[in-house]
Amino acid sequence: MPEPTYSPRLRTAIVFCGAGTAGAYQAGALRALTEAGIKVDVMAAHGAGVVTALCGAIDGGARLWSPDGPWQSPRLRAAYRWREALRLGAFGMVTAALLIVSPLLVMILAAAVYAVALLAALINLPNVSARLVDLFRWSISILFSPPILPTVVPRSVVLALLVVFGILATAAVKAMRQERSRRRWQGSFWWHLVGSPLEPDEPENLLVDTLWTLVRGASTEPRPASIEIGRRYVDLLTDNFGQPGFRGLLIAVHDLDARRDLVATVLPPEMQLPMAARRKGPGPREAELFDLTGVQKELVVDFLKGAVRLPVASPPHLTQFPADSFWRGESHRLCDRPELPARLIEEMATAGIEQVVLICPAAPAAVPHGMRSKPLDLRSRMGEWLRSVETAALQDAWNAALTRFSGVFVIRPDHNPIGPFEFSGAYDEASDRHRSLQELSQQGYDDAYRQFIEPVAAVGERVEAI
């Protein structure tokens, strides 16, 4: 099968794939494509790439890779951390455990003091030895004093456990109330707390702030409600179609309640026609496609928030659809799905896209003797699973795209040690050093030049010129 050739005359789309730290790699790749002047007609994305597509569609990609951009922000230290109630509960359990073993710890410390006292006596330091012996006797007498060991320690342990129970119970009740629906109160009380252990407030708030900074322009007004941000974003994009740097938009999330993939679009008129032809009539297409140029423009931020919610690991985003939409004002739960690139490929083919560039931070599938150490902590294990699924999903999307487009190109790292949740970087066994998120962004920049711009795009443009 011949290698696909790039043509700047064909309609081109970029598909951003991946969750979590994938956004840093995508920002670096988009920076390279922008510098090289690659013509892009549509930005498509799911997961962390949704903010990349939203910013890139309104000529705001520079915000993503700037030094004060979201992927260099210190706020990322709190991204996808354990939920606050779980962190406080874990601290309380550790405190209770320390109280239980405190008598043993005191005994060990007292024995160490007594050993030092004997050593001081051997080297002829009688005053030091006597003081240390007195300290040993005092600590033992305090430990075995009647009010301490049989009374204070057990009561302190019980108090710590009661505090932990109160924190967890309060958090579970709060989580149930946030659902705003009695229908969602079914199931065990504790699973409302433990069922989704990671807190998505960051990077969610950081990414929404980034989008608002671009939408408001030079204004200094505070961030309004999500509905207003969505309306102003769509108006900004549609009013500037045809201007340099403004492109069509296509983003996707998964609806847990409807068990459907939802695709939101803001496309120029020439691309809306084929999409509208397939959208006519009630049924799956009308239920799954959202034209944000109409009354549903207020859902832009909801799609962004849903895209950063990871399956099972974090609670889904609850959004209410407009009353005059297919879902008639229902409230549904939105989250990301690693397999969404294949759905994006399908929708772009419908919109008339002729060549696509897939950008994903997941390294290729492993080969023999390519295994490495497995993470021990639960958070890293979830990240390992997610990145593995992203690798398989990219391959599926690639295979599906080969039959639909004249050119399919992939930008991905040969090796990426940074998992989806490792926003502070990660230790790289292969190079025996720490890799940062900034390096991941630079890697995306270098990969874009090495894998696409120089060997593919530059050659295609020269051929077109001839």
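The values are calculated or read from the model by the stated rules, or taken from the named source; none is laboratory data. Fair warning: this is a prediction, and the values are worked out from it, not measured in the lab. Cβ coordinates were reconstructed from backbone atoms using ideal geometry, including for glycine residues, and neighbour counts include every protein chain displayed. What goes into the accessible areas is simple: the full protein's heavy atoms, side chains included, and nothing from ligands, DNA or RNA. Shrake-Rupley method; radii C 1.70, N 1.55, O 1.52, S 1.80 Å.
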Of all the C-alpha pairs in region 380-466, what % are more than 23 Å from each other?
39
Below 8 Å between Cα atoms, with a sequence gap of 6+, how large is the relative contact order for region 302-355 in percent?
31
For the chain, averaging the sequence separation of alpha carbon pairs under 8 Å that lie six or more residues apart and dividing by its residue count, the contact order in percent is 26
Between 0 and 90 degrees, rounded to the nearest ten: what's the tilt of helix 378-402 against the longest Cα principal axis of the chain?
10
Among 154-162, 327-335, 11-19, how do they line up by average Cβ neighbours within 10 Å per residue, starting with the highest?
11-19, 327-335, 154-162
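For residue 97 and residue 122, FRET efficiency with R0 = 41 Å and r from the beta-carbon atoms, rounded to 0.05? It would help to have the intermediate numbers written out before the result.
Numbers: r = 37 Å, r/R0 = 0.90.
Working from the Cβ atoms, E equals 0.65.
Could you order 7, 226 by accessible surface area, starting with the largest, using a probe radius of 1.4 Å?
226, 7
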So for the chain, taking the charge dipole from beta-carbon charges (+1 Lys/Arg, -1 Asp/Glu), which of 331, 292, 213 sits furthest toward the positive end?
331
Structure-based [θ]222 nm, the chain - -39500 (n - 2.57) summed over DSSP H runs of at least 4, per residue, nearest 500:
-15500 deg cm²/dmol
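So what is the relative contact order for region 1-109, in percent, with contacts set as C-alpha pairs under 8 Å and at least six apart? Let's see the in-between values first.
Numbers: 83 pairs, mean separation 24.9, N = 109.
Contact order relative to length: 23 percent.
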Pull out a ≥ b ≥ c, the square roots of the eigenvalues of the alpha-carbon gyration tensor of region 325-436, then state rounded if a/c is under 1.5, prolate if not and a/b is larger than b/c, and oblate in the remaining case.
oblate
Crossing angle, helix 153-178 versus the chain [Cα axis fit, 0-90 degrees, rounded to tens]:
20
Compute the long axis of helix 437-448 from its Cα atoms, compare it with the longest principal axis of the Cα atoms of the chain, and write down the angle in degrees, 0 to 90, nearest 10.
30
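For the peptides 65-72, 339-346, what is the packing order when you average, over each peptide's residues, the other Cβ atoms within 10 Å and list the highest mean first?
Values: 65-72: 17.5, 339-346: 22.8.
So the peptides 65-72, 339-346, ranked by packing, come out 339-346, 65-72.
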Order the peptides 110-118, 414-422 from the highest to the lowest mean number of other Cβ atoms within 10 Å of their residues.
414-422, 110-118
